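Take a look at the structure below.
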Amino acid sequence: QVQLVESGGGLVQPGGSLRLSCAASISAGTINAMAWYRQAPGKQRELVASITRGGTTGYAGSVKGRFTISRDNSKNAVYLQMNSLKPEDTAVYYCKVDFAPYGTIWSSNYWGQGTHVTVSS
């Protein structure tokens with residue numbers, strides 16, 4: 001019912017910027033909340049930023065003021081603009097969407113395949 005394709009990762013120097021994109025292909029349903037997570041080597045996956053369908057956002061303290069999450073409901077897409085990147089931002093970044101099929105009262109989470117972000121000089 002949901003397929004997610006992420007793009008935009010890569011290698012960037014400290015202080016640089018990257019923009020991640022996640023496009024969802026869906027059928028017969030609605031995407032509610034969307035979010036970005038990341039997992040650094042040897043660490044647990046952590047929430048980076050989230051956004052509701054109405055546009056309310058939330059951020060982890062470590063990225064607040066540097067990262068901006070946005071979405072385009074017409075394209076079922078979510079974006080993460082990352083500025084002032086630091087080496088500690090190095091991780092695999094995953095998008096997650098909460099999808100509710102039409103005619104149901106339940107929803108499920110779907111994950112992207114992940115995109116690598118490396119911040120290094």
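When VAL2 is tested against (1) farther than 16 Å from THR118 by Cβ; (2) at pLDDT 95 or above, just one condition goes unmet, and that condition is (2). Condition (residue is basic (Lys, Arg) and either over 20 Å from ARG71 (Cβ atoms) or open to solvent by less than 50 Å² (accessible area, probe 1.4 Å) (or both)) applied to the range 18-38: is it met by at least one residue? Taking every residue of the range 18-38 in turn, at least one turns out to be basic (Lys, Arg) and either over 20 Å from ARG71 (Cβ atoms) or open to solvent by less than 50 Å² (accessible area, probe 1.4 Å) (or both). Residues that are charged (D, E, K, R), at pLDDT 95 or above and under 12 Å from the mean Cα position of the chain (by Cα) do occur in the range 65-72. Among the residues of the range 19-54, those that are in a strand (DSSP E or B), under 23 Å from ALA100 (Cβ atoms) and not hydrophobic (A, V, I, L, M, F, W, C) comprise SER21, SER25, GLY29, THR30, ASN32, TYR37, SER50. The strands (runs of 3 or more DSSP E) found entirely in the range 57-121 that carry 2 or more residues being open to solvent by less than 10 Å² (accessible area, probe 1.4 Å) and over 18 Å from VAL12 (Cβ atoms) are 77-82, 91-101.
For the range 71-89, a residue qualifies if it is polar (S, T, N, Q) and either closer than 15 Å to SER7 by Cα or touching a residue at least 24 places away in the same chain (Cβ under 8 Å) (or both), and the qualifying residues are ASN73, ASN76, GLN81, ASN83, SER84.
The values are calculated or read from the model by the stated rules, or taken from the named source; none is laboratory data. Everything quoted here is computed from the prediction, not taken from an experiment. Cβ sites come from the backbone with ideal geometry, for glycine too, and all protein chains shown count toward neighbours. We work out accessible area using only protein heavy atoms, side chains counted, and drop any ligands, DNA or RNA first. Shrake-Rupley method; radii C 1.70, N 1.55, O 1.52, S 1.80 Å.
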